[in-house]
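First comes the structure, then the notes that go with it.
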Amino acid sequence: MLLIASLSIFSGAANAQRRAAQTSAPSIPSPRSVFGFTPGDDRTIADWKQITDYFARLDKASDRVQVQTIGTSTLGRTMTAAFISAPENIRNLDKYKAIQARLADPRKVAGDAERDQLIRDGKTVVVISCSIHSTEIVASQMAPQLAYNLATANDADTLSILRNTILILIPSPNPDGVDIVANWYRKTLGTPNEGREPPELYHHYAGHDDNRDWFMLDLKETKAVTRLFWKEWFPEIVYDIHQQGSNGSRFFVPPFYDPANPHIAPLLLRQVGLIGHKMAADVTAAGFKGILTNALYDTWWHGGFRTAPYFHNSIGILTEASSARIMTPSNVTREQLARSSTRGMASAMEATTNFPNPWPGGAWHPRDIMQMELIACHAMLSLASNYRADYLRNFYELGKANLSSSSSGEPIAYLIPAGQGRDENVAKMIGTLVEQGVEIYRLDHELHAIQARRTIRRAAAGSGRSVFVLLGPGLDEPAAREVPAGSYIIFLNQPYRQNVLALFEPQVYPDRTTATGEAERPYDVAGWTLPMQMGVDAPAVMSITEPANERRLTLIKSENDVRRDLALTLWARDSSPIPNPIKSGIRVGIYQNSRAGNMDEGWTRYVFDTFNVPYKSFNEASVNDANPRATFDAIVLPSEQTRANPDGDTPAETARGISDKGYANLSKFVEDGGTLICFDGSCAAVIRQMKLPLRNVLAGVRSSDFYCPGSILRLNLDTSSPVARTMSKDTDAYFINSSAFDATDNKVHVIARYGKDDVLRSGWLRGEDKIKDKIALADVTVGKGRVVLFAFRPQHRGQTWGTFPFIWNAINLSSGQ
């Protein structure tokens, strides 16, 4: 086990920079000599070309640094990672990569003697990733300084870090966003918009949700980093550097808040806490105040940069520094701090055990953020160096523990039966799992298995996990069923067992209440069960009749293997092979607000591009000034909450782009035969403006009475509706603080209702009675056209493939040219 390190005091980033300057070789360029300013200076910013140019120069000048290309961004920029270690380690990176691959999969290790030799020879592989959220820009500016410090300093501590660790430093996994923010910041310097966020998504599709893609792997950037992690280097520690709002704590570091995901090994939670406390102690010792632990951020949700490692036997670290205004200083008053609170922190001015030294307020500079991040990096690297053997041994043992047989009453595998009729969904799901290191096999011959035909969503005592109930068809006792050849099976005795369980089991989020009786909001979503979102049947397998040596299996190596099996067009480069599901001639428009980026709009474009559906983006000017019927046959309004107008003299939606006249033109568009498709948050304004006979029964309901924050719910469909064509009568849908409708007259055609019972499939639902049998999807005829209203998000984060057909079917109701 990892021994608890003494919390040695690191004298701070300024001292590290000074030591580096005193001992640096003249030939190694400093960031200042290349940028013309010191990273962290007020009102300065380096763009992606400057950052990558600096790392290229450092690669040439230092034998401690090797820069590698790891992929290409969505908009075509080169993604890079800097490998930083002792020169002898840099010369032998392939050797250490091979050691990591063997430690990650104990089945490749002959026995204890070989294990011990690998641990003696190996290095702790540490990843530091900066500014995936591009407005949280300081870490990307810090990365060159951190690399320079490590490339030039010769003190004993730095040399020990270089000798015992291999650092993979990612200046940003979102290079497109770095440039979007840098360009906007420079453009607005000296204007009223200085320090404000750009009026567009800082990732072409996902915006802030680029850190919500780490099990779905929709984005090119996520795929590239996932390949680096779980196919090539298998890091022991992954550190994801972020910024938070300006008015709370100055720096959050782990340990995290409750609840914890039941599939995270207890040892990992302890190791996370150890590193976090070391960071907190060192930052505090350097003179910083306002350091917070055990608050707000939890380890429940799977899907983030630092959460995915937990399910790969690795340590995931997150820090969140209080933001400046991009690279402009901010000023925070005591009054603002006193009003700031979150779960685990009653007030940013109140000292508690997890927040012992509040910051009193005042000026807050980008350099403050950068210094804390540099100290935190050094603290983690020191631990990784000093306890190298412990980290490697723990990593190996966690993988080995996952190879053991399942406990009695627990599944041994998950099955994806052949012949489901959703071949694209099956191919995507299996391909995504394989990309993140999960082993999946095709059955080349039928076998017989006892399957869990039903999963009861109740927590096993103290575990937060689902209980499996075995029911044969029409029987009280479980029965072995034939599983046809061409099916796929995921055995759980593999190193990433916990990843499979965390994605395939229904989530059972604990009902948590604040002191006022309201629901305590989770950090992100409460449920995400992958087969449910994908609309793929994937029962648990409790036992298999045939012994292992009689099973004929083929290991799946990529999505294209599945596509070959299913006679689908293969992926070639980055061009999606999925055929367009929309009838020829239908002109589709997707509304894009010109005043602010909208992640739901971005994900809508992602889904349409992935399915090769032609569309045209348009902004409010296209509807505020004219009837868009001459341009479009179908219009999609992505989910977007309206803002209240501060003047109070015009409808709230006017403040968000589309004017009253614009909604009148949309109404005329429908009357003239157009199809208007509304997702979730966009429905309210359309219902109000067009006076549609629907009302949201959840509007104004307190979270003490109803709450459902990102969960999977059961729908009951009217399959006679053309919008529900090809869909199952019972279909899962994603609900994220969404809506539920009642009809106020009989002109509403109900396509889907929330279930009459057992509504919750995965996640957390408080107040089920308020949503039972309420309208989830409706179609209202207006003149020659129709309005299709989704109370939920059918394309949520590009993950809900099971409900994509609703969108295509709704569009196909349109009359083309």
Condition broken by R64, with the remaining ones in (1) open to solvent by less than 40 Å² (accessible area, probe 1.4 Å); (2) closer than 30 Å to Q494 by Cβ satisfied: (2)
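Table: residues versus (1) surrounded by 14 or more Cβ atoms within 10 Å (Cβ to Cβ); (2) more than 30 Å from N493 (Cβ to Cβ); (3) among the hydroxyl-bearing types (S, T, Y); (4) free of Cβ contacts under 8 Å to residues at least 12 places away in the same chain.
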site: K60; (1), (2), (3), (4): no, yes, no, yes
site: R77; (1), (2), (3), (4): yes, yes, no, no
site: A82; (1), (2), (3), (4): yes, yes, no, no
site: D105; (1), (2), (3), (4): yes, no, no, no
site: V126; (1), (2), (3), (4): yes, no, no, no
Number of the exception - P579 against (1) within 25 Å of F215 (Cβ to Cβ); (2) surrounded by fewer than 16 Cβ atoms within 10 Å (Cβ to Cβ); (3) without any contact (Cβ under 8 Å) to a residue 60 or more places away in the chain: (1)
Filter pass, P581 being over 27 Å from G303 (Cα atoms) and part of a loop (DSSP other than H, G, I, E, B): yes
Meets criteria (free of Cβ contacts under 8 Å to residues at least 12 places away in the same chain, open to solvent by 10 Å² or more (accessible area, probe 1.4 Å) and over 21 Å from A324 (Cβ atoms)) for P266: yes
Long-range neighbours under 7 Å by Cβ, at least six apart or interchain, first residue touching a residue at least 12 places away in the same chain (Cβ under 8 Å) and surrounded by fewer than 23 Cβ atoms within 10 Å (Cβ to Cβ) within segment 740-757, second among the aliphatic types (A, V, I, L, M) and not in a strand (DSSP E or B): D742/V697
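Among M370, M380, M349, which is the only one that is in contact with a strand residue (DSSP E or B) (Cβ under 8 Å, 6 or more places away or on another chain) and of a type in the set (A, V, I, L, M)?
Working: M370 fails: in contact with a strand residue (DSSP E or B) (Cβ under 8 Å, 6 or more places away or on another chain); M349 fails: in contact with a strand residue (DSSP E or B) (Cβ under 8 Å, 6 or more places away or on another chain).
Within the list M370, M380, M349, the selection yields M380.
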Conditions (1) in a loop (DSSP other than H, G, I, E, B); (2) open to solvent by 10 Å² or more (accessible area, probe 1.4 Å): number failed by D258: (1)
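With respect to G474, is the statement that it is open to solvent by 70 Å² or more (accessible area, probe 1.4 Å), modelled with pLDDT of 50 or more, farther than 22 Å from R714 by Cα and out of contact with any Asp or Glu (no Cβ under 8 Å at 6 or more places or on another chain) true?
On the way: open to solvent by 70 Å² or more (accessible area, probe 1.4 Å): yes; modelled with pLDDT of 50 or more: no; farther than 22 Å from R714 by Cα: yes; out of contact with any Asp or Glu (no Cβ under 8 Å at 6 or more places or on another chain): yes.
The answer is no for G474.
On the basis of being of a type in the set (D, E) and in contact with a Pro (Cβ under 9 Å, 6 or more places away or on another chain), does D609 make the cut?
Numbers: of a type in the set (D, E): yes; in contact with a Pro (Cβ under 9 Å, 6 or more places away or on another chain): no.
Answer is no for this residue.
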Scope segment 795-806; condition crowded, with 23+ Cβ neighbours inside 10 Å and either under 21 Å from M690 (Cβ atoms) or in contact with a Pro (Cβ under 7 Å, 6 or more places away or on another chain) (or both); matching residues: T800, T803, F806
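For every residue, the table says whether it meets (1) open to solvent by 40 Å² or more (accessible area, probe 1.4 Å); (2) within 30 Å of R120 (Cβ to Cβ); (3) modelled with pLDDT of 95 or more.
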| position | (1), (2), (3) |
| --- | --- |
| L169 | no, yes, yes |
| P173 | no, no, yes |
| N183 | yes, no, yes |
| T188 | no, no, yes |
| E200 | yes, no, yes |
| D210 | no, no, yes |
| D213 | no, no, yes |
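Only one residue in E397, E446, E435 is charged (D, E, K, R) and touching a strand residue (DSSP E or B) at 6+ places or on another chain (Cβ under 6 Å). Which one?
Details: E397 fails: touching a strand residue (DSSP E or B) at 6+ places or on another chain (Cβ under 6 Å); E435 fails: touching a strand residue (DSSP E or B) at 6+ places or on another chain (Cβ under 6 Å).
Of E397, E446, E435, the one residue that is charged (D, E, K, R) and touching a strand residue (DSSP E or B) at 6+ places or on another chain (Cβ under 6 Å) is E446.
Return yes or no: is W214 among the aromatic types (F, W, Y) and in a loop (DSSP other than H, G, I, E, B)? I'd like the intermediate steps shown before the answer.
Numbers: among the aromatic types (F, W, Y): yes; in a loop (DSSP other than H, G, I, E, B): yes.
It is true that W214 is among the aromatic types (F, W, Y) and in a loop (DSSP other than H, G, I, E, B).
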Members of segment 554-576 that are in a strand (DSSP E or B), under 29 Å from E410 (Cβ atoms) and open to solvent by 60 Å² or more (accessible area, probe 1.4 Å): L555
Near pairs, Cβ below 8 angstrom, 6+ apart or cross-chain, from segment 354-372 (more than 16 Å from H242 (Cβ to Cβ)) to any residue that is part of a loop (DSSP other than H, G, I, E, B) and among the β-branched types (V, I, T): N354/T293; F355/T293; G361/T333
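Checking the conditions here, which among Y509, Y523 is at pLDDT 95 or above, open to solvent by 50 Å² or more (accessible area, probe 1.4 Å), closer than 30 Å to P709 by Cα and of a type in the set (S, T, Y)? Steps first, answer last, please.
Numbers: Y509 fails: open to solvent by 50 Å² or more (accessible area, probe 1.4 Å).
Only one candidate qualifies: Y523.
Mind listing just one residue for me: the one in segment 132-161 that is part of a loop (DSSP other than H, G, I, E, B) and among the small types (G, A, S) and, of those, surrounded by the most Cβ atoms within 10 Å (Cβ to Cβ)?
Within segment 132-161, the match that is surrounded by the most Cβ atoms within 10 Å (Cβ to Cβ) is S134.
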When residues of segment 231-242 are limited to those that are open to solvent by less than 10 Å² (accessible area, probe 1.4 Å) and not aliphatic (A, V, I, L, M), the one farthest from E373 (Cα to Cα): W233
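So which residues in segment 175-200 are touching a His at 6+ places or on another chain (Cβ under 8 Å) and more than 11 Å from I137 (Cβ to Cβ), if there are any at all? Break it down stepwise before answering.
Residues of segment 175-200 touching a His at 6+ places or on another chain (Cβ under 8 Å): 176-177.
Correct list: D176 only.
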Matching residues, segment 82-126, being assigned to a helix (DSSP H, G or I) and aromatic (F, W, Y): Y96
Residues within segment 135-184 that are farther than 15 Å from L374 by Cβ and among the hydrophobic types (A, V, I, L, M, F, W, C), tallied: 12
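Matching residues to (1) under 19 Å from the mean Cα position of the chain (by Cα); (2) among the hydrophobic types (A, V, I, L, M, F, W, C):
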site: D210; (1), (2): yes, no
site: D218; (1), (2): yes, no
site: A224; (1), (2): yes, yes
site: R227; (1), (2): yes, no
site: P255; (1), (2): no, no
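Which of the residues spanning segment 477-527 are over 20 Å from I736 (Cα atoms) and of a type in the set (D, E, K, R)?
We begin by selecting, within segment 477-527, every residue over 20 Å from I736 (Cα atoms); these are 477-501, 515-517.
Passing the criteria: E477, R481, E482, R497.
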Candidate set: segment 619-642, residues that are closer than 17 Å to D660 by Cα and within 28 Å of the chain's Cα centre (by Cα); chosen: the one least open to solvent (accessible area, probe 1.4 Å): L637
Whichever residue in segment 698-724 is touching a residue at least 12 places away in the same chain (Cβ under 8 Å) and over 30 Å from the mean Cα position of the chain (by Cα) and, among such residues, is least open to solvent (accessible area, probe 1.4 Å): S721
Index of the failed condition, Y606 passing every other in (1) open to solvent by 10 Å² or more (accessible area, probe 1.4 Å); (2) more than 26 Å from F735 (Cα to Cα): (2)
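The values are calculated or read from the model by the stated rules, or taken from the named source; none is laboratory data. Bear in mind that the values here come from a model prediction, so they are computed numbers and not experimental data. We place every Cβ from the backbone using ideal geometry, glycine too, and count neighbours over all the protein chains shown. Ligands, DNA and RNA are excluded from the accessible area calculation, which covers all protein heavy atoms including side chains. Shrake-Rupley method; radii C 1.70, N 1.55, O 1.52, S 1.80 Å.
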